[in-house]
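A short write-up of the structure that comes next.
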Amino acid sequence: MTTVADKTALRVRMRGVRRRLAEELPDAPEQAVRRLPMSRFARFSIVAGYWSQGSEMNPRPLMEAIRATDPLKVRLALPAAVDKDSPLIFRLWTPDQPLVPDAVGIPSPPPAAEEVLPNLVIAPLLAFDREGGRLGQGAGHYDRSIKNLKAIRAVFVLGLAFAGQELDVVPTDAHDQRLDAILTETEYIEASKGKP
């Protein structure tokens, strides 16, 4: 059994790995876009990304590429935290829209932006495995949010990461939500549980 201390130590180690990879691979977001089987993602109409923090891989090139498949149909969204314990909400966003800090200080669309339920969520992570295991920052925002979304509608969760963030097995708990697929700068990986 994995302890909280084990996961904390793993997070510290993987933050260092991700920082190094971000420095070594500045064009990884654009490389990742070229690895996505775009035709299989054309069915998604509300694509939620995230505003990358620190060394997280920037999802905006990917969001824009998916939107370009059908600019009249595909709408983009970003998450917003309303407090530190609730699921994230998702608000419509356009690249020219100014952002405001949410309840935890992350740039997000302003409260006046329309709240939506995405059917594709691009999730940041510290580590992943090929079974869809995801190690996040530890606050549980994405786990709560994905669980909440799945109770309302079908949603596909795509982890975005550097290939070097892969582990043989990510330690998970019962509340951890699995990824359907992972996209890196070197490949698109379908987790054993899902396909778009």
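Derivation of every value follows stated rules applied to the coordinates shown; laboratory data play no part. This is a predicted model, so every value here is computed, not measured. Here the Cβ positions follow ideal geometry from the backbone for every residue, glycine too, while neighbour counts run over all protein chains shown.
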Here the residues within segment 6-41 that are in contact with a helix residue (DSSP H, G or I) (Cβ under 8 Å, 6 or more places away or on another chain) and aliphatic (A, V, I, L, M) are Met14, Val17, Leu21, Ala22, Leu25, Ala28, Ala32, Val33, Leu36, Met38
Can you pull out every residue in segment 58-82 that is assigned to a helix (DSSP H, G or I) and more than 21 Å from Gly136 (Cβ to Cβ)?
Pro61, Glu64, Ala65, Ile66, Arg67, Ala68
Can you tell me which residue in segment 18-57 is farthest from the chain's Cα centre (by Cα), limited to those that are of a type in the set (S, T, N, Q) and outside any loop (DSSP other than H, G, I, E, B)?
Ser39
When segment 38-52 is examined, which residues are found to be farther than 14 Å from Ala154 by Cα and polar (S, T, N, Q)?
Ser39, Ser52
